[in-house]
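The values are calculated or read from the model by the stated rules, or taken from the named source; none is laboratory data. Quick caveat, the model's predicted, so the values are computed rather than measured. In this analysis, Cβ positions are derived from the backbone assuming ideal geometry, glycine residues included, and neighbour counts consider all displayed protein chains. To get the accessible areas, we keep the full protein, side chains included, count just its heavy atoms, and leave off ligands, DNA and RNA. Shrake-Rupley method; radii C 1.70, N 1.55, O 1.52, S 1.80 Å.
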Amino acid sequence: MKTIKIKIPATTANFGSGFDVLGAALKLYNEIEVVQVKGQRSKVKIEIIGEGKDTLPGNEKNVVVRSMNAVFNICKKFPLAYHLRLTNRIPLARGLGSSAAARLGGIVVANEICDRKLSEDEIIQIGSKLEGHPDNVVPSFFGGLCVCNFNGKNVKYAKLKMPSDLKAVLCIPDFELSTDKARNILPKTIPHKAAVFNSGRV
């Protein structure tokens, strides 16, 4: 039996005034453990520990599994049965990149199963397309503070050096708010003066 274990960090995106551009990794991690076993092809057993234990799907609808399947389809490799253990410490729908961590984690473990056929850049491209924006995916993969640009097809990115003494203070609300709902609250257009004000402070 082959076992793969990885850790994926939480992220804070829209860092400062860098909306959809800047993101930073945090020292708060989810863990994914995959054990390949003999058995019926595509049979998946999922164990969820921590955040989302009672709410996240424990079947093929799970975001981690869907992301793994995306990689298997690309690499044309479909493993036999496997057990998936998700240890979730990143709060769900609280602005800490839980969905990006799940998608990226699924892509990375599937790539390991596929003997690392995907390059780092391909992992980032796939993760950003699945997530819809790169500002959580890129720092979750590379760590540190990252600047990203996504035109809907391709992602460009760079990692920047973070001050070693910088601390993050997390304020976790007692309610959930999905990214889609949060984005729908935003105005469709903003005044030119506001755009200049914002970009001038990135």
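Details
- A 1.4 Å probe run over the protein chains yields, for the stretch 51-150, 41 Å² of accessible area per residue, whole-number rounding.
- For the chain, size of Cβ-based charge dipole, Lys and Arg +1, Asp and Glu -1, in debye: 380
- The alpha carbon centroids of the stretch 20-75 and the stretch 161-190 are separated by 23 Å.
- Ordered from largest to smallest accessible area (heavy atoms of protein chains, 1.4 Å probe), the residues K117, K2 come out as K117, K2.
- In the structure shown, the pairs K45/K156; K43/K156; K117/K159; K5/K159; K61/K161; K53/K181 are assessed against 31 Å; a Cα-Cα span above that value is assigned to K45/K156; K43/K156; K61/K161.
- Rounded percent of accessible protein surface that carbon and sulfur make up, the stretch 1-76, 1.4 Å probe: 51
- Cysteines in the chain that lack a partner Cβ within the 4.7 Å cut-off: C146, C148, C171.
- Accessible-area ranking of H83, H133, largest first, probe 1.4 Å: H83, H133
- Share of pairwise Cα separations in the chain, more than 29 Å, in percent: 26
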